[in-house]
Amino acid sequence: MNLTELKKNVWLYFSKASFIGIVVVYFLALFLTTSISDESTSGNIYAISIGFFIVITSIWGSFSLSNALLSELRNRTWVYQKMSAISALDMSFGKLFGPTAMHWLVGAIFLSIATLASFSSRDHSLLSLFHLFLGTLFLHASSLVLSLLVVRQKQDSPDTTNLSGRPFLLIAFFLILKAIASSFKTDLNDFTWYGLAINSDFFETLSLLVFAIWAILGVYRNMREELQYQNLPNYWVAFNVFVVFYFSGLVFKEVHDGVYTVFNGLFAFAFAMHVLLTVLTLFLEPINFMDYLQFFKNWGKKSWEKIYASMPLWVFSLAFSFVLCLVLSLQMLVDKSLNLGEEESYSFLYPLVAFMFLLKSLLVNLYLHLKQTKKANFVWFLYLALWYGLLPATIGGLFSAYGLFLFYPANVILSGSASVFYVLFMLWLIRKELKNGEASELIKSA
Amino acid sequence: MISVKNLSHDYYKYRALQNIDVEFKKHAITALVGPNGAGKTTLIKCMVGLMKPTQGKVFIDDINVYEQPREAHRKLAYLPDFFGLYDNLTVKQHLQYAAGCHAMDASLVDEAIQRTIDQIALGDKLNEKAIALSRGMRQRLAIGQAIISRPDYLVLDEPASGLDPEARLSLSKLFLKLRDDGMSLIISSHILAELEEYATELVVIRDGVLFEDKASSRFDNVEVENVVGLLISCLDDTAGLIASVKAYAPELQLQEERRGVRIWFSDDKDKQVALLRYLVEKGHKIFHFEAMEKRMQDKYFESIENK
């Protein structure tokens, strides 16, 4: 194994002074809390150790990791690495654990002491510590994937000064996911997954393990892309299949007057996750119309292998979303208990309307990029916030809830008609831009 | 040899390179010349495999850069116009890292570092951090990182921009030393004077198109060796001088200048003496006769005019 990248990052980011400082502060905190507090000593030691681990290893580690990669781009050292002979695996390992070596080392001290404390306390289990370790690994790997995508987007404009806040978004997203996950518990301690009641601690830890593995595979896959290996989108397709499998098994709980009603949405959660994945990949992947042109050329030549290789990742997720929305519609047509809304006879079309809204939003993004809008993704983000948040809230609050069908799939027939109009309108705008805009003749002819 | 075959590259709004066919010779220092925005950097990025062109292929010896980029990078090193170093690493750590990046055998690393340090003349700065180095030294260190694995080809984009004259001179010497060690260099610049010192071949690019060499009827480089410009000034009529020169050798290219007539002539001294004797015998009152090496700048403008 070539540890060059790991070694370089340790040279750059391992600070002995910080290491000693953190350890001293930690032991000082332990000493003060245990000597002042009247509560159980082991409980305090456990809580402080976990707190330090979350702040230093999980959160600060994510920042350091992301910042280390982005500074390669900022300081223009990334090109050299792209042309190096270090393998994608060695580079991933070096980037994942090099800038966080100090964080993991102090984290090991915190976890070791928390483990010792957990032996004398019945409230704390080793599984929770393992859970924390996996969560941190997942967070670090996801942060690195996010940073690698930023590096790909910003390859030619090394201004990444405004990107340092992205891991914050990731941490917020992670916490929201954790909160959502609790909605899937069918009673206080269990998840139901494909009819199996599974202990929530065990299920969450297993889920984290699997998602941490996916995130690490994501790092590896993106690193391969950066290091110019021939890279087929197999990982992404496999991940999409996994998402269908994982989320289709979950059962949602509803509480009415203290009674749980189990709602088995089957493909509904998987569809929702794919909508999210499509939006995220379109937001995060670089949009290059010359690559799209290549894709259409391959399409023209019916060169299936090349079509597969050159297909943007968001198209895969969109295709999965489409298939899932069809399956879900069929499922709702057959099983009337799943139907939402008032017009029962049409409500099976609801997923299709949602898909059309998704399509419209994607077309808005492509149009913004075609227009070469400055900070197109940021403008798109604002548009999404306005269209799906602020505008419907304002109109619904000030005027009438009837107008909401214009903004999101609130009514199958009205929203469905509106969404078809939006999609056609966006396609017309894109066609017009391609015909009269500033795109080169090559793109226009395509 | 690096062969670029029918290479075109399009950006969203315009075509940056158009049907480029060119070969970069081995053991030469080729200057890639053109004005700002000519497409030099795009061509270089396509050549080194950092950018995939819309069409065309690039071969480094027999390796297709787009099919086997990592194999190609073993033979080729590239230093971009804006390169970076790790400010908090020492010169030695930079070179150790570079050796590791090229998966060099551990037993060879020390020897490679010593050899590279000698080449880039930074022996006395081995334990200095990069942040403490001057711009010229940083440039040499970056080149050191690129050459530590002894690549066959070194591609540099605007390497001397921002350097003071002393640093430029030291860089020129380094390039010649590398060429003598068997490396082939491709150096892009829009400052022709800087290339005069070391370039042996010239490739001219403008508006994404290479200029055609009429002799070989293909896009090719223009040789700059074995040609001199003779600047002849006389007290009498310049038109008469031109007529005499044409009578002496009708195939000669000449150009009237403010100070006299410039003739593109052989660098053979005996032939130059014979020409001077002929003109004096013809009665021209010559007071200035100077053999000036044909400058790269002349070649550059000549190739543009010939298009």
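Looking only at residues that are without any contact (Cβ under 8 Å) to a residue 40 or more places away in the chain and part of a loop (DSSP other than H, G, I, E, B) in region B:63-82, which one is nearest to the other protein chains (Cβ to nearest Cβ)?
Looking at residues that are without any contact (Cβ under 8 Å) to a residue 40 or more places away in the chain and part of a loop (DSSP other than H, G, I, E, B), I get B:82.
Could you please find all residues in region A:13-30 being of a type in the set (A, V, I, L, M) and either touching a Cys at 6+ places or on another chain (Cβ under 8 Å) or open to solvent by 40 Å² or more (accessible area, probe 1.4 Å) (or both)?
Correct list: A:17, A:20, A:24, A:25, A:28.
For region B:238-286, give me each residue that is more than 15 Å from residue B:228 (Cα to Cα) and in contact with a Ser or Thr (Cβ under 8 Å, 6 or more places away or on another chain).
The answer is B:256, B:259, B:260, B:278, B:279, B:282, B:284, B:286.
Residues checked against (1) at pLDDT 90 or above; (2) crowded, with 19+ Cβ neighbours inside 10 Å; (3) within 19 Å of the chain's Cα centre (by Cα):
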position: B:7; (1), (2), (3): yes, yes, no
position: B:12; (1), (2), (3): no, no, no
position: B:15; (1), (2), (3): no, no, no
position: B:18; (1), (2), (3): no, no, no
position: B:31; (1), (2), (3): no, yes, yes
position: B:39; (1), (2), (3): no, yes, yes
position: B:43; (1), (2), (3): yes, yes, yes
position: B:48; (1), (2), (3): yes, yes, yes
position: B:52; (1), (2), (3): no, no, no
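Which of the following residues is over 30 Å from residue A:297 (Cβ atoms) and free of Cβ contacts under 8 Å to residues at least 40 places away in the same chain: B:85, B:126?
Numbers: B:85 fails: free of Cβ contacts under 8 Å to residues at least 40 places away in the same chain.
It is B:126.
Test residue A:58 against the criterion of being more than 24 Å from residue A:98 (Cβ to Cβ) and in the same structural domain as residue A:88 (by TED's automatic domain parsing), and give yes or no.
no
Would you check which residues across region A:55-77 are part of a helix (DSSP H, G or I), polar (S, T, N, Q) and either within 16 Å of residue A:141 (Cβ to Cβ) or facing chain B (nearest Cβ under 9 Å) (or both) and list them?
Passing the criteria: A:57, A:58, A:62, A:64, A:66, A:67.
Filter region A:78-91 for residues that are hydroxyl-bearing (Ser, Thr, Tyr) and within 8 Å of another protein chain (Cβ to nearest Cβ); which is most open to solvent (accessible area, probe 1.4 Å)?
By that ranking, first place goes to A:80.
Could you tell me whether residue B:86 is crowded, with 17+ Cβ neighbours inside 10 Å, part of a loop (DSSP other than H, G, I, E, B) and facing chain A (nearest Cβ under 10 Å)?
yes
Filter region A:1-33 down to residues that are assigned to a helix (DSSP H, G or I), of a type in the set (Ser, Thr, Tyr) and over 29 Å from the mean Cα position of the chain (by Cα), then give me how many there are.
So the first thing to find is which residues in region A:1-33 are assigned to a helix (DSSP H, G or I), and the list is A:4-13, A:16-33.
Now restrict to residues that are of a type in the set (Ser, Thr, Tyr): A:4, A:13, A:18, A:26, A:33.
So of that shortlist, the ones also over 29 Å from the mean Cα position of the chain (by Cα) come out as A:4, A:18, A:26, A:33.
The number of residues fulfilling the criteria is 4.
Test residue A:94 against the criterion of being within 25 Å of the chain's Cα centre (by Cα), within 14 Å of another protein chain (Cβ to nearest Cβ) and either open to solvent by less than 40 Å² (accessible area, probe 1.4 Å) or hydroxyl-bearing (Ser, Thr, Tyr) (or both), and give yes or no.
On the way: within 25 Å of the chain's Cα centre (by Cα): yes; within 14 Å of another protein chain (Cβ to nearest Cβ): yes; either open to solvent by less than 40 Å² (accessible area, probe 1.4 Å) or hydroxyl-bearing (Ser, Thr, Tyr) (or both): yes.
Yes.
Considering only region A:85-107, I want to know if a residue exists there that is over 16 Å from residue A:223 (Cα atoms), assigned to a helix (DSSP H, G or I) and of a type in the set (D, E, K, R).
Checked against the condition, which is being over 16 Å from residue A:223 (Cα atoms), assigned to a helix (DSSP H, G or I) and of a type in the set (D, E, K, R), region A:85-107 yields no hits at all.
Kindly provide the set of residues from region A:34-54 that are in a helix (DSSP H, G or I) and farther than 19 Å from residue A:129 by Cβ, ordered by number. Even if it seems obvious, please write down each step before you answer.
Let us first name the residues in region A:34-54 that are in a helix (DSSP H, G or I), namely A:34-36, A:41-54.
Once the filter is applied, which keeps residues that are in a helix (DSSP H, G or I) and farther than 19 Å from residue A:129 by Cβ, region A:34-54 yields A:34, A:35, A:36.
Are there any strands (runs of 3 or more DSSP E) wholly within region B:226-280 with 2 or more residues that are in contact (Cβ under 8 Å) with a residue 40 or more places away in the chain, and if so which?
Details: elements: B:227-234, B:253-257, B:260-266.
It comes to B:227-234.
Under the condition of being within 11 Å of chain A (Cβ to nearest Cβ) and touching a Leu at 6+ places or on another chain (Cβ under 6 Å), which residue from region B:136-162 is farthest from residue B:77 (Cα to Cα)?
Ranking the candidates gives B:142 first.
Looking at region B:109-118, is at least one residue more than 25 Å from the chain's Cα centre (by Cα) and within 11 Å of chain A (Cβ to nearest Cβ)? Don't jump to the end; show me each part of the working.
If we filter region B:109-118 for residues that are more than 25 Å from the chain's Cα centre (by Cα), which is where we start, we get B:109-114.
Filter again for within 11 Å of chain A (Cβ to nearest Cβ), leaving B:109.
Scanning region B:109-118, I find at least one residue that is more than 25 Å from the chain's Cα centre (by Cα) and within 11 Å of chain A (Cβ to nearest Cβ), so the answer is yes.
What is the one condition in (1) away from every other protein chain (no Cβ under 14 Å); (2) free of Cβ contacts under 8 Å to residues at least 24 places away in the same chain that residue B:103 does not satisfy?
Result: residue B:103 fails condition (1) only.
Restricting to region B:110-124, name every residue that is in contact with a Ser or Thr (Cβ under 9 Å, 6 or more places away or on another chain) and at pLDDT 90 or above.
B:112
With a cut-off of at least 1 residues that are at pLDDT 80 or above and open to solvent by 40 Å² or more (accessible area, probe 1.4 Å), name the helices (runs of 4 or more DSSP H) lying wholly within region A:336-446.
A:350-370, A:376-385, A:391-398, A:412-436
Looking at region A:312-326, is at least one residue modelled with pLDDT of 90 or more, over 23 Å from the mean Cα position of the chain (by Cα) and surrounded by fewer than 18 Cβ atoms within 10 Å (Cβ to Cβ)?
yes
A quick yes/no check of all residues on (1) within 14 Å of chain B (Cβ to nearest Cβ); (2) modelled with pLDDT under 70; (3) within 30 Å of residue A:73 (Cβ to Cβ); (4) touching a helix residue (DSSP H, G or I) at 6+ places or on another chain (Cβ under 8 Å):
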residue: A:165; (1), (2), (3), (4): no, yes, yes, no
residue: A:175; (1), (2), (3), (4): no, yes, yes, no
residue: A:212; (1), (2), (3), (4): no, no, yes, yes
residue: A:264; (1), (2), (3), (4): no, yes, no, no
residue: A:270; (1), (2), (3), (4): no, no, no, yes
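When only residues in region B:134-187 that are in contact with a strand residue (DSSP E or B) (Cβ under 7 Å, 6 or more places away or on another chain) and part of a helix (DSSP H, G or I) count, which is surrounded by the fewest Cβ atoms within 10 Å (Cβ to Cβ)?
The selected residue is B:179.
Can you name every residue in region B:103-133 that is open to solvent by 60 Å² or more (accessible area, probe 1.4 Å) and in a helix (DSSP H, G or I)?
B:106, B:107, B:108, B:110, B:111, B:114, B:118, B:124, B:131, B:132 - these are the residues of region B:103-133 that are open to solvent by 60 Å² or more (accessible area, probe 1.4 Å) and in a helix (DSSP H, G or I).
Could you please tell me which pairs satisfy a Cβ distance under 6 Å, a separation of 6+ or placement on different chains, a first residue in region A:359-385 that is of a type outside the set (Gly, Ala, Ser), and a second residue that is outside any helix (DSSP H, G or I)?
If the second residue must be outside any helix (DSSP H, G or I), the pairs left are A:369/A:287; A:379/A:373.
The values are calculated or read from the model by the stated rules, or taken from the named source; none is laboratory data. Everything numeric here is computed off the predicted structure, so don't read it as measured data. Using ideal geometry, Cβ is built from the backbone for each residue, glycine included, and neighbour counts are taken over all protein chains shown. Quick note on the areas: whole protein, heavy atoms, side chains included, nothing else; ligands and nucleic acids left out. Shrake-Rupley method; radii C 1.70, N 1.55, O 1.52, S 1.80 Å.
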